[in-house]
Structure formats: C-alpha cells, structure tokens
Amino acid sequence: MSATLRVVPAQPANDTVATENELATRIVIVGHVDHGKSTLIGRLLHDTGNLPEGRMDAALASSERRGLKVEWSFLLDSLQAERDQGVTIDSTRLPFVLDGRPFVIVDAPGHRQFLRNMVTGAAGAAAAVLVVDVAEGAQEQTRRHAVLLRLIGVRHVVVLLNKADLLDFDADRVASATRAITALLEQLELSSAAVIPASARHGDNVAARSARTGWYRGPTLTEALSVVPPLASRAERPLRLPVQDVYRFDSKRIVVGRIESGRVAVGDTLVIGREGAVAKVATLEGWLGSGTEAEAGQSVALTLAPDVVVERGDLLHGSAYPPSRTARLRARLFWLRQEPLRPGESFRLRLSTAEYAVTVAAITSVVSMDDLTDQPADHVPPEGFADVVLAASESIPFDPFEPGSLGGRGVLVDGHGRIVGGAPLIGPAPLATGGRSVFPVDSAVSAWERAQAKRHRSGVFWMTGLPGSGKSTLARAAETLLFRRGIDVSVLDGDTLRARLSSDLGFSPEDRRENIRRAAVVARLLADSGQVVLVALISPRAEDRAMARQAVAEGFREVYVDADRAVCKARDPKGLYAAARAGRLSGFTGVDGPYEPPQAPDLVISTATATVGNSAERLAAFVTEAVALPGLSPRVGAD
Amino acid sequence: MMTDLDQLEAQSIFVLREAYHRLRPLGLLWSLGKDSNVLLWLARKAFLGRVPLAVYHVDTGKKFPEMYAFRDRYAAEWGLDLRIGACPPVEDIDPTLPPAARSAARKTAGLASVIERDRLAGVVAGIRRDEQATRAKERVFSPRGASHRWDVRNQPPEFWDQFATPVEAGAHVRVHPLLAWRELDVWRYIEREGIPVVDLYFARDGRRYRSLGDQDITAPVPSGARTIPEILAELRGTREAERAGRAMDNETEDAFERLRVAGYL
C-alpha cells in the first residue's frame, strides 16, 4: 500500500458476511457535485472491510497514473470518462455489509444534467445520506436532491456535514451549518435522522468516532446506517394486483402479475379493473407447484372463476378498499427532459402496468430552486419540479402516492417510448367532477321578472386591455356611478379572481383560459340573477374572449380599454412590467406575451389622455343605455 | 415472509414478463454459464414451465467441449427453440483492441448479426452488476440504437419498475433480469432449485473455473471446491473478484469498458 494511506484509522471490527435470507437495505448517497459523495463511499467501503480484493490497488494505480494522491472516488467511478473528468456520470450500486446486515449503497451523481441517474438510483431506497460541504452549505443540487427525495418518498435522511476538517472541526460553524440544513429539510417536510460532522477523506465519524469532535454526541455514519429501519412489509395493506399479462396455456386463461400490496388466496373474491367485474380466485398456478396463497412482492399466476376477460393494466383488488377514480389528476411532477414542459402536451401515463393517454391540462406551480417556494409559471423548466394537472379521457383507478406504498407511482412516457418524468399522483385535481353527473335545474323566475323588479336589464361588460391600461380603476369608478343611479352592479377583476376563485391557476395560456372561463361562468350567474357585471380582465387572446362571449351568451358586450404600451409601462402600478423586463416574469402580456386587440369592440375607451372621471362617465353612460328598460328608469338605490 | 432469494426471483420474473410483453420478437442469450442457466430457469418459472422465446447461443467455436455437451443435452431436455449464431474470424475485428479483448469482441459481432438477422426487439442477457464495475452502471432495460452501442453517458431514467421501450427502427433493448443478483445469490439459488451447471465450475486437480468464457482467454482459479456447498463456503470467505480469470477484463484500464460500449454484454 502506498504511503498516502497513513490516515487509515484503526479498522473497527465488522462482520462483512451478510446474514443470508435477509433483504438488503438500499441507501442512496446524494448531494451537490464536489461535496464528496464518491470519496465518502470509497472511505466507507474501505474502513468497514467491504472492498473486493484488488479494488484498492487498482484505484491507487489509477490515481498515480493521473498524478493524484489516493483518490477514494476512483473506487466507485469505474468509467474512464469519470476518472478523467473527476465526476460520477452514472449511479452505481455496491453491496455493503455492516455487522452482518446487508445493504446496497447507491452513488448518485451530483451534476444537474444527471438528475435522471439519481432518480434511477434513489427510487426505492430506504434512506438517503445527504452529503453537504460544511463550509459551502446547501447548494443548488443539494436542494434539488432534497426535493427529489421528498417526491420519490424517501423519508429517512442522514445528513453528513463533510470536510469539517477544513474548518478544524469548529463546533460553532458546524452548529450553524446544522441549523441551516435542518431548516431546509423542514421546509420540505423532511426531517434528519442525524447531522454528522465528518471528514470523508480522513475518515472522521465515518466508520470510527473522531478524536477531533469531542463535543459531538450523535452517531457516526455507520451507527446511523445500522439503525435505518428496513422498508415495511406491504402485505398488511389492501390488495392491489396490477395485471401484467394474460397467457393462454392448455386452454386456460392465466392472469399474471406481481402483488403490490396485500395478500391473495384461492377462493378470494376480486374486483376486476375498469369494468368492476367480480370473480373468485380459482387456482394459483406455478411451474414447480404453487401454494394456495401469496403476498405482496410475489410474482403470481392465477385463474379466475368465472373466467372473465381480464387484460394488462387491469387492477385487481378486494371489495373492501377500492382505489380512487378520477379523470383529472393532480401530480407532483419531476421533469426529466432537457426541454421545458408546457401545458397542452400529451403523454402516456404509466401507472404500474396500466397506460393511459393524458394531457398536461395545467401547470399549477413550479418549485423555485432559489428558495424552494411554489411559484406560478407557464412552463416547467428542464429537470424542474412542479404541481400539474393531468387530464385523461377515461376515469383512472389509483391510490394516492405515499412513502412505503407502491400506489400512485405515475411515470410519463413520450411518443418515442422514453421516460420523461415521474408523476407521483397526489389526488383528484380541483376541477374534477369525478365522473359525477350534474343536473342543472332552470330557475322559475324569468329574466323578464327580474328585470322588472330591478327596473333594468342585466348584462356583462367585458373589459379587455393591456396590464396598466386602467381596466380595474375604470371599472371601480363606473361601479360607483352606476350604483348611485340605482343599477345593481358588481365588478369581477383579474386580481380579485386570482386571489380567490382562481388561486390554483398560473399564467400559462391554458391557465389563463381557465381563469377566463371561470370569470365568464361567474359573470353569467350574476347576470342571470339580474345584475350588471363589469369584468376587468386582460384576456389577451381573441379566442378566449370569444369563448367568454359564448359562455355568457345573452347581454355580452366587449369594451376595449385602450392605452398604448409606453403609457402602460410608464404607469406600471404593480411593478409587473419592470419584473417582466428583469426576467422574473415570463409570458407577461405586453412584454413577451402577446396581446390581440379586439377587432370589433362594442366600446373603445382610450385612457391614455382622458381623465379617470371622464372615462368612467363614458362607460357608465354606455352601460346605462345598454341595460335600460323602455319606459322605466332605474330606481335610485338611496330611496 | 419472503427471503432475499424469493425477492430476487420475483423481481426477475416480473422483468422477464415485462420484456415478453413489450419486446417482440424477444430472444434469450444462453452462454451456457451458470448465470444464463439461472436465467432459463427463471423464464420457465415466469412462463409456467415453458420457454416461449428463442434461445440463442452466439458461438465463438472456442468453448470447452463440456459446454457444447451441456448445451445439446439441456436444449433437448428443456425443449428449447435453440438457435446458434456464428462469430466472424478475429481478423475482422478492431485491431486496436488488446488481444484478449479483440478475441472477445468476436462475440459482439456475432451477436449483432443474430439481432439483425432475426430483427430482435429485445435480447435477454444474464449479466450482473457485481461482476464488473462498468456493468454496475447498467440498466435493467438498456436501449441500443441501430449501431448497438451502449451510450453510457446518456442512459435512460429507470425507476418504479418502469422501463424505457424505444420505438426507433433498428433499435433493440438489452434486458438484464439478473442485474441485482450477486455471485453468491446465483450459487445459493442454483443449490436451492437444483439447477444443472457445467462440471467445469467444480474443482479438479486443485483448480476450478469461476467464470466461463472462451478456452483461450479464460483461466481456472486455485480452488478445492468440488460441490455447490463447497463453492458457497469458498465464496463466503473470498474477496477475490469473480472475473479475475477473464483476460479481457484486466488487460488495460478501459479494455472492458470499450468492449461494452461497442455492444459486448
């Protein structure tokens, strides 16, 4: 061995013979690039006697060839390109035994573009070790990996504050790094099982307790790993058996699949798939014999009586705990494609063995990688995280995603058969009608009766224009004027709608359209009750305004609030133009989002030069005339 | 309660059934070694005693006589649809490869011509992560373009038991149901299930083959293990790498990586 290995600590006694018949516990190592993941794994394997013969020598030879001291990471980075560039390209899996307990260590690459490799390694892990450079603290990939751990359901997180030797194991600096990382994890509803000050390069608090951290009372890394709970058995949960295939052998129809949760036994009654047919388990089949029952994790083959038609993708379950069903799903997406995702894109949603055609109906919010807050957005950036709504053309049976269960593990696949994202299914989307039928009943009070009672007709005045053109100001001023004239009037404006009714929507074209649809529906309800409604919404697209006109039907009038861009930008009452120009808002109407002026508005009010008072008077006069009933003048509200 | 072997078996059966559903025509590579015998055994479990896919032996012509005898016996006994693929002479292979790797690369070329001839959409192979460091980076479903190259820098995501199934013309998928198995698991499973293996694995005159390849580039290792329990005892006590006797793995630092990138198993 080379002289550079002086720092090897006394090797703690470790039983590296795995207890046979025990399932290996998978541990994923994550963290920002260069924070020392591969070094840590190399050190861990070496210090616990888990390295294959010759591996250390090969790594030393590789290190020397490149003029480096011992590079622990060369134990892991097996590809030529990885060693030459000093980065881990793809995750690798290493068996590892701690006091007879088998583990599999997965090394996840820290580079951003390798997120898909991290998902590949981390999904299904019982625990994660988050490696953080104690001096640098959490970096973008630290945050990204932490978000991903949450989304894929890894809840047991051990934080290793690495390179503490470079801070001379200063207790105060370690304490402040501990507070920072703990707060970050709490923001994600993750908690840390331990926060360990360590030096992977020198082995402090990895397999052996460091003499340099006398103030530290917590576990070493190996101590922390030894208490990671194994993944819980899913046998006690309700039965879920997704049909993988149906074979016809010897004139028997044999249903095969792996039990995701629960148990199945001969004689059990099963509910079958989308149709909800019911049949009993007639036999369990197997080449070298089979028992009469099976449990979660087993790949089984069975026949049913009666011999109902079953196909791949059908979900077999018991009658007691059926899955949920909806055609509009809320998903917490992790997006793995290198191009952004926009609403309207269509994919195959794979859910266990089932596949459904889905469209991304809306992007509700995107996780900001700066502060991990949910922000409205019109697209999901490459390797971003987002809440989205998936719309299917049929009702999809599913269980909501939760750690420790296999339910709701949706995956999006593109038209080329490529996996482009993970979509843990959270539940039905807010707009879902859940397949329930709705039965609108017409009012017995006619529009004419209402108009007679109010002494004016109802109507919807749809005010469109650029941000800052004065729509809301004008609507509120005209509202006061109209109310004083005895007209029952209300205002629906963009910001008010978005604060409440449409608080779940972003600013994508689809979400804007949905916002407009909702405004039109509410306006119609109010108009049906006899009111005059002033709607102040940018509604930039002619097509969307046409949809609103259709939804409102009678009494719709389009009012164009006209002010040129320069004036609007100069006013910028909400500071939005400035934000858009600075790149903090995208798709902002009037900057990088299009505005299509109405071709034939019922009224044009130019606010560039006129005062608010004059413009409001013009609008009020137009409305008054439009809703007037022949021979009747409105009753003044104050009488 | 499922043991680790039950779990490995169930997962491999799931992968085989998934490949059989998604990739047609599907072939299974039978190298006559212990791993591909386990693979055939698992296929019979997955398909209830049948092997409903073609079984390919890509023959370098340089295997041990015991291996050919084994092949012919069990192909008949198990009713396999066995197809033999020939390999081109070594003179046709990239001369910049080190000698043993160059010899091993004949198999890559033989495999490529079989895949093209039968227009296979999927090829099931018995490689394992713990055999060799670059194999540790493999996917269960490993898509290959028309050139058959392994694009290690651009592997697809693979999680929650969902596998990439590309649809480009000329592409195929290498399917690796044994990827998560370790050498010890393979032998424990062989013992548990009573799976036949070639006698060369058992010690004669103080040496045995731990890994079987071509006669000229595979060397036996010192061993006194003459039965499966003795092999298990030996493996539990060793930290020596399994493929130490395979010349092409160990010629130069990147020899095996180059072989794999070009389409070797």
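The values are calculated or read from the model by the stated rules, or taken from the named source; none is laboratory data. Predicted model, so just to flag it, every value in this text is computed and none were measured. Glycine gets a Cβ as well: all are built from the backbone with ideal geometry, and neighbour counts include every protein chain shown. What goes into the accessible areas is simple: the full protein's heavy atoms, side chains included, and nothing from ligands, DNA or RNA. Shrake-Rupley method; radii C 1.70, N 1.55, O 1.52, S 1.80 Å.
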So residue A:350 ticks every box in (1) farther than 20 Å from residue A:153 by Cβ; (2) modelled with pLDDT of 90 or more but one. Which box is left unticked? (1)
Across the stretch B:1-30, the tally of residues that are more than 7 Å from chain A (Cβ to nearest Cβ) and β-branched (Val, Ile, Thr) stands at 1
Kindly list the number of the only condition in (1) within 14 Å of chain A (Cβ to nearest Cβ); (2) open to solvent by 10 Å² or more (accessible area, probe 1.4 Å); (3) within 18 Å of the chain's Cα centre (by Cα); (4) closer than 22 Å to residue B:139 by Cα that fails for residue B:51. (4)
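Kindly check whether there is at least one residue in the stretch A:446-455 that is crowded, with 19+ Cβ neighbours inside 10 Å, at pLDDT 85 or above and either in contact with a strand residue (DSSP E or B) (Cβ under 6 Å, 6 or more places away or on another chain) or within 14 Å of another protein chain (Cβ to nearest Cβ) (or both).
So the first thing to find is which residues in the stretch A:446-455 are crowded, with 19+ Cβ neighbours inside 10 Å, and the list is A:450, A:454.
Remaining after also requiring at pLDDT 85 or above: A:454.
Checking which are either in contact with a strand residue (DSSP E or B) (Cβ under 6 Å, 6 or more places away or on another chain) or within 14 Å of another protein chain (Cβ to nearest Cβ) (or both) leaves us with none.
There is no residue in the stretch A:446-455 that is crowded, with 19+ Cβ neighbours inside 10 Å, at pLDDT 85 or above and either in contact with a strand residue (DSSP E or B) (Cβ under 6 Å, 6 or more places away or on another chain) or within 14 Å of another protein chain (Cβ to nearest Cβ) (or both).
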Note down all Cβ pairs under 6 Å where the first residue falls in the stretch A:394-419 and is of a type in the set (S, T, N, Q), the second is modelled with pLDDT under 90, and they're at least six residues apart or on different chains. A:395/A:325; A:395/A:327; A:395/A:435
Just for the stretch B:105-139: of the residues that are within 14 Å of chain A (Cβ to nearest Cβ) and in a helix (DSSP H, G or I), which one is farthest from residue B:33 (Cα to Cα)? B:137
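Mind counting the residues in the stretch A:116-174 that are part of a helix (DSSP H, G or I) and either of a type in the set (Lys, Arg) or away from chain B (no Cβ under 14 Å) (or both)?
Going residue by residue through the stretch A:116-174, those that are part of a helix (DSSP H, G or I) are A:116-122, A:140-152, A:164-167, A:171-174.
Filter again for either of a type in the set (Lys, Arg) or away from chain B (no Cβ under 14 Å) (or both), leaving A:116, A:140-147, A:150, A:164-167, A:171-174.
So the answer is 18.
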For the stretch A:475-487, which residues satisfy the criterion of being among the charged types (D, E, K, R) and open to solvent by 50 Å² or more (accessible area, probe 1.4 Å)? A:476, A:484, A:485
Buried (at least 17 other Cβ atoms within 10 Å of the Cβ) and of a type in the set (A, V, I, L, M, F, W, C): does that describe residue A:239? yes
Of all strands (runs of 3 or more DSSP E) fully inside the stretch A:248-318, the set with 2 or more residues that are touching a residue at least 40 places away in the same chain (Cβ under 8 Å) and open to solvent by less than 40 Å² (accessible area, probe 1.4 Å) is A:252-258, A:269-272, A:299-305, A:315-317
Could you check, for the stretch A:209-217, whether at least one of its residues is outside any loop (DSSP other than H, G, I, E, B) and not polar (S, T, N, Q)? no
For the stretch A:155-167, check the following and say yes or no: at least one residue is in contact (Cβ under 8 Å) with a residue 60 or more places away in the chain, open to solvent by 10 Å² or more (accessible area, probe 1.4 Å), farther than 19 Å from residue A:93 by Cα and among the aliphatic types (A, V, I, L, M). no
What are the pairs, 6+ residues apart or on separate chains, where a residue within the stretch B:165-180 that is within 15 Å of residue B:155 (Cα to Cα) has its Cβ under 6 Å from a residue that is of a type in the set (D, E, K, R) and outside any loop (DSSP other than H, G, I, E, B)? B:165/B:22; B:172/B:144
Looking only at the stretch A:20-69, which residues are within 29 Å of the chain's Cα centre (by Cα) and open to solvent by 20 Å² or more (accessible area, probe 1.4 Å)? A:26, A:32, A:33, A:34
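If I filter the stretch B:146-162 down to residues being within 7 Å of chain A (Cβ to nearest Cβ) and part of a loop (DSSP other than H, G, I, E, B), which single residue comes out as surrounded by the most Cβ atoms within 10 Å (Cβ to Cβ)? Spell out how you get there, then give the answer.
Within the stretch B:146-162, the subset within 7 Å of chain A (Cβ to nearest Cβ) is B:152-153, B:155-160, B:162.
From what's left, part of a loop (DSSP other than H, G, I, E, B): B:155-158, B:160.
Numbers: B:155: 21, B:156: 21, B:157: 24, B:158: 22, B:160: 21.
My answer is B:157.
Answer yes or no as to whether residue B:128 is out of contact with any strand residue (DSSP E or B) (no Cβ under 8 Å at 6 or more places or on another chain), closer than 21 Å to residue A:107 by Cβ and open to solvent by less than 10 Å² (accessible area, probe 1.4 Å). Before the answer, list the steps.
Numbers: out of contact with any strand residue (DSSP E or B) (no Cβ under 8 Å at 6 or more places or on another chain): yes; closer than 21 Å to residue A:107 by Cβ: yes; open to solvent by less than 10 Å² (accessible area, probe 1.4 Å): yes.
Yes.
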Residue A:241 vs. criteria within 14 Å of chain B (Cβ to nearest Cβ) and within 30 Å of residue A:49 (Cβ to Cβ): no
Per the filter on the stretch B:196-213, residues open to solvent by less than 10 Å² (accessible area, probe 1.4 Å) and assigned to a loop (DSSP other than H, G, I, E, B) are B:198, B:213
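Which members of the stretch B:134-145 meet the condition of being in contact (Cβ under 8 Å) with a residue 60 or more places away in the chain, surrounded by 21 or more Cβ atoms within 10 Å (Cβ to Cβ) and not polar (S, T, N, Q)? Outline the logic, then answer.
To start, the set of residues in the stretch B:134-145 that are in contact (Cβ under 8 Å) with a residue 60 or more places away in the chain comprises B:134-135, B:140-141, B:144.
Within this subset, residues satisfying the condition of being surrounded by 21 or more Cβ atoms within 10 Å (Cβ to Cβ) are B:134, B:140-141.
Passing the criteria: B:140, B:141.
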Please work out which residue is nearest to the chain's Cα centre (by Cα), limiting yourself to the stretch A:342-362 and to residues that are crowded, with 21+ Cβ neighbours inside 10 Å and assigned to a loop (DSSP other than H, G, I, E, B). A:343
Select from the stretch A:331-341 the residues that are open to solvent by 40 Å² or more (accessible area, probe 1.4 Å) and outside any strand (DSSP E or B) and list them in ascending order. A:337, A:338, A:339, A:340
